[in-house]
Amino acid sequence: MRYVAAIDQGTTSSRCILFDRSGRIAGLAQREHDQIFPKPGWVEHDPETLWRNTEFVLGAALDEAGVRAADIAAVGVTNQRETTVVWERETGRPIHNAIVWQDTRTDRLCTELAGEHGADRYADRTGLPLSTYFSGPKVRWILDTVPGARERAEAGELCFGTVDSWVLWNLTGRHITDVTNASRTLLMDLRRLQWDSEICAEIGVPTAMLPEICSSSEVYAEITSGPLAGIPVAGILGDQQAATFGQACLSPGEAKNTYGTGNFMLLNTGTTPVFSEHGLLTTVCYRLGEQPPVYALEGSIAVTGALVQWFRDNLGIIGAAAEIEDLARTVDDNGGAYIVPAFSGLFAPRWRPDARGVIAGLTRFVTKAHLARAILESTAFQTREVMDAMRADAEANELSLESVALKVDGGMVANDLLMQFQADILDLPVVRPLVNETTALGAAYAAGLAVGYWSGTDDIRANWTADTTWTPAMPAAEREARLRDWDKAVERTYNWAD
Ligand SMILES: Nc1ncnc2c1ncn2[C@@H]1O[C@H](COP(=O)(O)OP(=O)(O)OP(=O)(O)O)[C@@H](O)[C@H]1O
Ligand SMILES: [Mg+2]
């Protein structure tokens, strides 16, 4: 048994990566899927495509590494979180496209549900504000919209799942999820780790359609068909929790920041949930088998890498994401322009569903190169806001936030200009590990631990190796001035959507 395979079904692509015992990549396959935008603010995926691509990359990764099923000890699954699929139990056919986490169609529904209680109606039980971000209201929308769906759901004929459930169903036939994914639905009691039947009833999600909640690391079932038939699936973690695990943030106070479609900073807070006073979410970080669950505080930013994609696809100014760095380097600064990508409103720490994107500070001087810089900088500024919230919550809860360097990963950390600017704006070093595919790696660890491929979490720590570190070099006065301008730009996004 030489490898563990991780399936990473993400927002923009599906990947399968094979890891060896040292946590190094032995094989990789990836396939992008279409983003479907039926209306402004709506984002969908075709669930059948997500599954077909997952199946494809699984086989392709084995081929690439020249590995047979017999060489695979276990499979771990990680996934884009909150994205909601409803399918028929009998046929496995989805009754609607998947509604993606960034989708804002449940805006009015969330306001209604909040009512006089406010957006924090379920915060003490779920760790989450009522927001379009989470799954529960998306399920309700599908049941309200597809004719006959509510009756069928109540009769147990329909299954709801986040993407982990959808993948597990297709791999193994079991209808399950793990605690980390369940903690993003607004339907799970964070302490009992069970569906909260009262909240389910109030949001309008019949419990008959919910998956069984499992730990993040245990043997769930064997794969039923395809090239890995008979291999156990033994780990499930939502993508951000997986990255936290893969980055070896295994003790309270350890944090990571992932730069993908959006940005997600997670701080391990230990075995009791910590509730934020500064706009962060409380979420399950991981649960290994029967061990107590570990919780995290999370700062979720909806749009970071997605803004680079927008620059590429909607404006057509660059042909590939990586080209943004060369363009940005042709100028010394942003020329006074600030871009606030509030495409789905603003998530952490401000939670402003009424916000929409702006470009502020435009003058005749500003070129596409300044905009390229402003795009990269917006990621760093948003991260700074989340970091400030993290520090404030950590201090209030007597957690000592690891302050040596921030561990980073994800597609955008290939961007050297951004990473230097990030260190400058945080006034803190940022460090990228040798294996940047921490999301897949975390899922592999969860699966490998369950089958004894790795003997314990000490192996994860031992495998973590630093690659590049960026150290802050910006004078304090300059940093403060830029943060002030950023803040002014953000205020201009407010009160746009009704
Ligand atoms: N060199 C680069 N500079 C800036 N942004 C980049 C660069 N390379 C990739 N990106 C951005 O990074 C994102 C992809 O990163 P990554 O693959 O980690 O995303 P992801 O969120 O994990 O994807 P998924 O949602 O499928 O999981 C894209 O949004 C892309 O625009
Ligand atoms: Mg990802």
In segment 306-343, anything in contact with a Leu (Cβ under 7 Å, 6 or more places away or on another chain) and assigned to a loop (DSSP other than H, G, I, E, B) is listed as 318, 329, 337, 341
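Could you pull out every one of the strands (runs of 3 or more DSSP E) wholly within segment 212-278 that has 1 or more residues that are buried (at least 20 other Cβ atoms within 10 Å of the Cβ) and within 16 Å of ligand 1 (Cβ to nearest atom)? Walk me through how you get there before you give the answer.
Values: elements: 212-214, 217-222, 232-238, 255-259, 263-270.
Where strands (runs of 3 or more DSSP E) fall fully within segment 212-278 and carry at least 1 residues being buried (at least 20 other Cβ atoms within 10 Å of the Cβ) and within 16 Å of ligand 1 (Cβ to nearest atom), they are 232-238, 255-259, 263-270.
Let's see how each residue does on (1) at pLDDT 95 or above; (2) closer than 26 Å to residue 134 by Cα:
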site	(1), (2)
245	yes, yes
255	no, yes
266	yes, yes
288	yes, yes
305	yes, yes
317	yes, no
321	yes, no
327	yes, no
351	no, yes
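Scan segment 59-111 for residues that are among the basic types (Lys, Arg) and either under 22 Å from residue 5 (Cβ atoms) or not in a helix (DSSP H, G or I) (or both) and jot them down.
Matches in segment 59-111: 68, 81, 89, 93, 105.
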Could you grab me the full set of residues in segment 306-345 that are in contact with a Ser or Thr (Cβ under 7 Å, 6 or more places away or on another chain), among the hydrophobic types (A, V, I, L, M, F, W, C), under 25 Å from residue 110 (Cα atoms) and more than 9 Å from ligand 1 (Cβ to nearest atom)? 340, 342
Kindly provide the set of residues from segment 1-47 that are closer than 19 Å to residue 168 by Cβ, away from ligand 2 (no atom under 16 Å from the Cβ) and surrounded by 16 or more Cβ atoms within 10 Å (Cβ to Cβ), ordered by number. 4, 5, 47
Is it true that residue 313 is crowded, with 22+ Cβ neighbours inside 10 Å and not small (Gly, Ala, Ser)? no
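Yes/no per residue for (1) basic (Lys, Arg); (2) touching a Gly at 6+ places or on another chain (Cβ under 8 Å):
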{"residue": "343", "(1), (2)": "no, yes"}
{"residue": "354", "(1), (2)": "no, yes"}
{"residue": "364", "(1), (2)": "yes, no"}
{"residue": "405", "(1), (2)": "no, no"}
Give just the number: which of (1) buried (at least 16 other Cβ atoms within 10 Å of the Cβ); (2) farther than 22 Å from residue 350 by Cβ does residue 418 not satisfy? (2)
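Is segment 443-464 home to any residue that is within 16 Å of ligand 1 (Cβ to nearest atom) and either at pLDDT 95 or above or more than 23 Å from the chain's Cα centre (by Cα) (or both)? Spell out how you get there, then give the answer.
At the first step, the residues of segment 443-464 found to be within 16 Å of ligand 1 (Cβ to nearest atom) are 443-444.
From what is left, the residues that are either at pLDDT 95 or above or more than 23 Å from the chain's Cα centre (by Cα) (or both) are 443-444.
The answer is yes, given that some residue of segment 443-464 is within 16 Å of ligand 1 (Cβ to nearest atom) and either at pLDDT 95 or above or more than 23 Å from the chain's Cα centre (by Cα) (or both).
For the structure I just gave you, tell me whether residue 412 is within 16 Å of ligand 2 (Cβ to nearest atom), part of a helix (DSSP H, G or I), within 20 Å of residue 266 (Cα to Cα) and aliphatic (A, V, I, L, M). Lay out the reasoning, then the answer.
Values: within 16 Å of ligand 2 (Cβ to nearest atom): yes; part of a helix (DSSP H, G or I): yes; within 20 Å of residue 266 (Cα to Cα): yes; aliphatic (A, V, I, L, M): yes.
So residue 412 fits the description; yes.
Whether any residue in segment 384-391 is in a loop (DSSP other than H, G, I, E, B) and either in contact with an Asp or Glu (Cβ under 9 Å, 6 or more places away or on another chain) or away from ligand 2 (no atom under 16 Å from the Cβ) (or both) is what I want to check. Walk me through it before giving the result.
Kept after step one, since they are in a loop (DSSP other than H, G, I, E, B), are these residues of segment 384-391: none.
So far as segment 384-391 goes, no, none of its residues is in a loop (DSSP other than H, G, I, E, B) and either in contact with an Asp or Glu (Cβ under 9 Å, 6 or more places away or on another chain) or away from ligand 2 (no atom under 16 Å from the Cβ) (or both).
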Among residues of segment 407-449, those that are farther than 20 Å from residue 240 by Cα and either touching a Cys at 6+ places or on another chain (Cβ under 7 Å) or among the hydrophobic types (A, V, I, L, M, F, W, C) (or both), counted: 7
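Which one is nearest to the chain's Cα centre (by Cα), of the residues in segment 148-178 that are in a helix (DSSP H, G or I), of a type in the set (Val, Ile, Thr) and surrounded by 24 or more Cβ atoms within 10 Å (Cβ to Cβ)?
Narrowing segment 148-178 to residues in a helix (DSSP H, G or I): 149-154, 163-172.
From what's left, of a type in the set (Val, Ile, Thr): 163, 167, 172.
Then keep just the ones that are surrounded by 24 or more Cβ atoms within 10 Å (Cβ to Cβ); that gives 163, 167.
On the way: 163: 12, 167: 16 Å.
Per the criteria, the residue is 163.
The values are calculated or read from the model by the stated rules, or taken from the named source; none is laboratory data. This is a predicted model, so every value here is computed, not measured. When we count neighbours, we look across all protein chains shown, and the Cβ atoms used for this are built from the backbone with ideal geometry, even at glycine.
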